[in-house]
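Here is the structure we will look at.
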Amino acid sequence: MDKFIPVVVIKELQETDKILTALKNSDINCAEITFRTACAKEAIEYACKNYPDMNIGAGTVINAEQCKSALKAGAKFIVSPGLSPAVAKVCKKAGVPYYPGCVTPTEIMAALDLGITTVKFFPANVYGGLKALKALSAPFPQVKFIPTGGVDRSNIDEFLAFDKVFAIGGSFFVKEALDKMEG
């Protein structure tokens, strides 16, 4: 997995090439295409077919049906804003990584009970940021985190320096890549 997981919202299918090309030009070979739009499944399918060297996943997956749809489209990993045992079950059966949003000890313990050791920490800025990750790492040394929400260029290095950070998620990667390409 890449250290950077851009959170990509594709509103219209034709945006896919522009966004993924911009990410690749910025040496980012990963994209979490969110299930927040009507064309999400088609965008994932298109991305997987046309960008086979990129690690394309599905984000904002909140139920088993969306998960199955994303996997059928070719998603290589699944991300949720919270923890869904139903999504975890589908991913486990398919052998695909699942990164559920977990911010409390109870949620992390539920993820561990499902065999999940890497979780999305979202929204990171609201739930205490790096300080919270460090506190949660004490009782859960086996857990790695993907902080998302409130991570940006002003604090990314601090997060990346912490050995329990698996990767950084964020939409700011897309904006930066597009600005760089257009600039």
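It is to be established whether one or more residues within the stretch 7-19 are in contact with a strand residue (DSSP E or B) (Cβ under 6 Å, 6 or more places away or on another chain) and within 16 Å of Ala167 (Cβ to Cβ). Scanning the stretch 7-19 turns up at least one residue that is in contact with a strand residue (DSSP E or B) (Cβ under 6 Å, 6 or more places away or on another chain) and within 16 Å of Ala167 (Cβ to Cβ). Right, Leu114: within 26 Å of Glu65 (Cβ to Cβ), open to solvent by 50 Å² or more (accessible area, probe 1.4 Å) and not β-branched (Val, Ile, Thr) or not? In short, yes.
Contact annotation: residue pairs with Cβ atoms under 7 Å, 6 or more positions apart or on different chains, pairing a residue in the stretch 104-126 that is without any contact (Cβ under 8 Å) to a residue 60 or more places away in the chain with a partner that is part of a helix (DSSP H, G or I) and of a type in the set (Gly, Ala, Ser), are Leu114/Ala88; Ile116/Ala88; Val119/Ala111.
Would you check if Lys93 is among the charged types (D, E, K, R), out of contact with any helix residue (DSSP H, G or I) (no Cβ under 9 Å at 6 or more places or on another chain) and closer than 21 Å to Thr148 by Cβ? The answer is no for Lys93.
This table checks each residue for (1) at pLDDT below 95; (2) of a type in the set (D, E, K, R); (3) within 25 Å of Phe140 (Cα to Cα).
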site: Asp17; (1), (2), (3): no, yes, no
site: Leu23; (1), (2), (3): no, no, no
site: Ile28; (1), (2), (3): no, no, no
site: Cys39; (1), (2), (3): no, no, no
site: Glu45; (1), (2), (3): no, yes, no
site: Asn63; (1), (2), (3): no, no, no
site: Leu71; (1), (2), (3): no, no, no
site: Pro100; (1), (2), (3): no, no, yes
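Taking the options Ile78, Ile56, Ile108, name whichever one is touching a strand residue (DSSP E or B) at 6+ places or on another chain (Cβ under 8 Å), over 23 Å from Arg36 (Cβ atoms) and either open to solvent by less than 10 Å² (accessible area, probe 1.4 Å) or at pLDDT below 95 (or both). Result: Ile108 is the single residue among Ile78, Ile56, Ile108 that is touching a strand residue (DSSP E or B) at 6+ places or on another chain (Cβ under 8 Å), over 23 Å from Arg36 (Cβ atoms) and either open to solvent by less than 10 Å² (accessible area, probe 1.4 Å) or at pLDDT below 95 (or both).
Evaluate the following for Pro97: is it crowded, with 18+ Cβ neighbours inside 10 Å and either within 15 Å of the chain's Cα centre (by Cα) or closer than 19 Å to Glu32 by Cα (or both)? No, not satisfied. Determine, yes or no, whether Ile62 is part of a loop (DSSP other than H, G, I, E, B), among the β-branched types (Val, Ile, Thr), open to solvent by 30 Å² or more (accessible area, probe 1.4 Å) and over 14 Å from Pro97 (Cα atoms). The answer is yes for Ile62.
Considering only residues in the stretch 133-183 that are open to solvent by 40 Å² or more (accessible area, probe 1.4 Å) and of a type in the set (A, V, I, L, M, F, W, C), the one that is nearest to Thr60 (Cα to Cα) turns out to be Phe166.
The values are calculated or read from the model by the stated rules, or taken from the named source; none is laboratory data. Keep in mind that what you see is a predicted model, and the values were worked out from it rather than measured. Here the Cβ is made from the backbone with ideal geometry for all residues, glycine too, and neighbour counts use every protein chain on show. These accessible areas exclude ligands, DNA and RNA; they are computed on the full protein's heavy atoms, side chains included. Shrake-Rupley method; radii C 1.70, N 1.55, O 1.52, S 1.80 Å.
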